[in-house]
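Notes follow once the structure below has been shown.
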Amino acid sequence: MKLEADVMVSTKMLDSFLGLETRQVSLPLLLVSFSVAGAMAPACVLADLTPPGFYQDVLNSASVNGAITGNAIFQTCATGANASGALNNQAFQADCNRVVGGAIADPVGSTQALNMLAADQIGAQNSAASRAAGLGVAVVQTRLQHIRLASGLPVYQPSVLLANNHVFQNQTGGGASGDAAFDRFGAFLSLGYVNGKEDQTAFQPGADMDRRSVSGGIDYRFKDNLFGGVVLRYADADVAFDNSRGDMSGDEWGLALYGTYFRPEGLFFDGLIGYGNDDYTLRRRIGYSVDSEVADQSATSSPQSSVVNVNLGVGYTMSRDAWTITPALRLNFLRNKVDAYRESMSSPIDSTTVGSSMALGIDAQTYTSLVSDFGIQISRAINLSNQVLVPQLRVSWLHEFKNDQAQVGAYFINDINKQPFFVLTNQPDRDYVDLGIAVSAQFAQGRSAFISYDTLLGYQGVSYDSVNIGMRFEF
């Protein structure tokens, strides 16, 4: 069925988030096809419809990223250039015509289409990479703390407790730093599990995350108060987006060099430099219905990123009897560089298959984070018949200096104009608290074990809990 309709086309540059003035732009007449009773009608000219439904009814109702995406779709669709291109371009013209033309009869459906087409899931890979690197730092910090305490600082000597314990009397030298309680080489193995949830915001869907990790390392005592080592970690992560928006899975590898130097009075310095490589599979579900035209697609991609992080810390260990209090200040720098990538749709490109041409190309992006961590840890050594238990409580205030909201460049692969637009990532929370509790046990022959639990407090819209268990031994 052929319909004649007149639409007056006007554009608005979404000044609320683009920072640009609202402006009117003259565009050529737009040829669109839209459905009537479930069938595609032939192309017709839209002109002189008041009000301009797409901009007033659709973009104003869409999410922030949906509106940005919709503006790009309108701009490129209005040229009509894809209609005379190759088959994939023609399919894209048909898809954008459905979204824009559908605003006349079904503005709600057109709005839904833009919200689903907006790639606001892409920020999840940055969050996953950052959390993985943070876990690696936490594992090393736990190891370095054990090194300092087990090395027999005058202010706090667990080895003295070991020497007073009959199980260890034949294996220690009465508390000396070089006794059998800690030898030249040390090794550790740690297993971790993380569960997290991020709420939906104006810039991203909500998501649930699970991560399993294993870390192993070996270090060497160069001097009684100077240690260095290397740690290798692996993690696999699963992210499920709320409201059936898709999912993400990934493998994360990391390698880091670390060291600690401490003074007899309790002053210490820590350092770590690490590199990680992350491979993800991201699936964005794109499902919408515009005027009885139904899209049911999955856009799949394989983002890859490399992560560099540097952590520097200084602290002071104070002791009274079996109690220790350790304030510390740390800085953690992280750079996550994500390579450019392209999506593929679940259906072959076809002008009659709704949404099949709407795959995106995502530009390379770099995220930078600088976090200060000011914390205090309290621990107590408990001498049992065959071991020394050390329960610990740690509270840290973290402040993010960088990691600003980013604009990630994007375009539709099958758009002959390659009309650029961008996706806004989530806004970070600047201040939050990390709360941790742990128990470690020191046994004979330099063997020990630990279990720890960490959670974030005060991070708006984010819950995050991690459990780590591990063992250490000296040789």
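The values are calculated or read from the model by the stated rules, or taken from the named source; none is laboratory data. Because the structure is predicted, anything quoted here is derived from the model rather than measured. Counting neighbours? That spans all protein chains shown, and the Cβs are built from the backbone with ideal geometry, glycine included. When the accessible area is computed, the model is the full protein with side chains, heavy atoms only, and any ligands, DNA or RNA have been set aside. Shrake-Rupley method; radii C 1.70, N 1.55, O 1.52, S 1.80 Å.
Those residues that are open to solvent by less than 50 Å² (accessible area, probe 1.4 Å) and over 19 Å from Phe92 (Cβ atoms), I need them from the range 398-414; list them, please. Leu398, His399, Glu400, Asn403, Ala406, Val408, listed by residue number.
Let's see how each residue does on (1) in contact with an Asp or Glu (Cβ under 6 Å, 6 or more places away or on another chain); (2) farther than 28 Å from Arg335 by Cα; (3) among the acidic types (Asp, Glu); (4) at pLDDT 95 or above:
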| position | (1), (2), (3), (4) |
| --- | --- |
| Thr368 | no, no, no, no |
| Asp373 | no, no, yes, no |
| Ser385 | no, yes, no, no |
| Arg394 | no, no, no, no |
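Looking only at the range 257-275, residues that are in contact (Cβ under 8 Å) with a residue 60 or more places away in the chain, part of a strand (DSSP E or B), out of contact with any Asp or Glu (no Cβ under 7 Å at 6 or more places or on another chain) and not small (Gly, Ala, Ser) come to 5 in all.
For (1) farther than 23 Å from Gly196 by Cα; (2) out of contact with any helix residue (DSSP H, G or I) (no Cβ under 8 Å at 6 or more places or on another chain); (3) touching a residue at least 24 places away in the same chain (Cβ under 8 Å), each residue gets a yes or a no:
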residue	(1), (2), (3)
Ser396	no, yes, yes
His399	no, yes, yes
Asp404	no, yes, yes
Phe421	yes, no, yes
Thr425	no, no, yes
Asp429	no, yes, yes
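Across the range 82-100, the qualifying residues are those that are open to solvent by 30 Å² or more (accessible area, probe 1.4 Å), small (Gly, Ala, Ser) and part of a helix (DSSP H, G or I), and the one among them that is farthest from Gln56 (Cα to Cα) is Ser84.
Considering only residues of the range 257-289 that are aromatic (Phe, Trp, Tyr) and within 30 Å of Gln204 (Cα to Cα), which is farthest from the chain's Cα centre (by Cα)?
Among residues in the range 257-289 that are aromatic (Phe, Trp, Tyr) and within 30 Å of Gln204 (Cα to Cα), the one farthest from the chain's Cα centre (by Cα) is Tyr288.
Would you check if Val231 is crowded, with 18+ Cβ neighbours inside 10 Å and at pLDDT 50 or above? For Val231, the condition - crowded, with 18+ Cβ neighbours inside 10 Å and at pLDDT 50 or above - is met.
Does Ser319 meet the test of being modelled with pLDDT under 95, within 20 Å of Ala256 (Cα to Cα), of a type in the set (Ser, Thr, Tyr) and open to solvent by 20 Å² or more (accessible area, probe 1.4 Å)? Judged against the criteria, Ser319 is not a match. Among the conditions (1) surrounded by fewer than 20 Cβ atoms within 10 Å (Cβ to Cβ); (2) farther than 30 Å from Gln297 by Cα, Asp339 misses just one, which is (2). For the range 49-67, give me each residue that is within 14 Å of Ala113 (Cβ to Cβ), modelled with pLDDT of 90 or more and assigned to a helix (DSSP H, G or I). Matches in the range 49-67: Asn65, Gly66, Ala67. Among the residues of the range 203-222, those that are open to solvent by less than 60 Å² (accessible area, probe 1.4 Å) and more than 28 Å from Leu144 (Cβ to Cβ) comprise Phe203, Gln204, Pro205, Gly206, Ala207. Quick one: is Ser356 surrounded by fewer than 19 Cβ atoms within 10 Å (Cβ to Cβ), small (Gly, Ala, Ser) and out of contact with any Phe, Trp or Tyr (no Cβ under 8 Å at 6 or more places or on another chain)? So Ser356 does not fit the description; no. Being buried (at least 18 other Cβ atoms within 10 Å of the Cβ), at pLDDT 95 or above and either charged (D, E, K, R) or at positive phi (or both) is the filter here; which residues of the range 415-454 pass it? Correct list: Asp415 only. Counting only strands (runs of 3 or more DSSP E) wholly contained in the range 299-371, the ones carrying 2 or more residues that are out of contact with any Leu (no Cβ under 6 Å at 6 or more places or on another chain) and aliphatic (A, V, I, L, M) occupy 304-316, 323-338, 360-362. Evaluation of Asp251 against the conditions (1) modelled with pLDDT of 95 or more; (2) open to solvent by 40 Å² or more (accessible area, probe 1.4 Å) shows that the sole unmet condition is (1). For Gly250, indicate whether it is more than 30 Å from Val462 (Cα to Cα), touching a helix residue (DSSP H, G or I) at 6+ places or on another chain (Cβ under 8 Å) and among the small types (Gly, Ala, Ser). No. Hey, any hits in the range 276-284 for a residue that's among the hydrophobic types (A, V, I, L, M, F, W, C), open to solvent by 40 Å² or more (accessible area, probe 1.4 Å) and either in contact (Cβ under 8 Å) with a residue 60 or more places away in the chain or touching a helix residue (DSSP H, G or I) at 6+ places or on another chain (Cβ under 9 Å) (or both)? No, the range 276-284 has no match at all. Applying the criterion of being in contact with a Phe, Trp or Tyr (Cβ under 9 Å, 6 or more places away or on another chain), open to solvent by less than 10 Å² (accessible area, probe 1.4 Å) and of a type in the set (Gly, Ala, Ser) to the residues of the range 285-312, the residue that is farthest from Ser249 (Cα to Cα) is Ala295.
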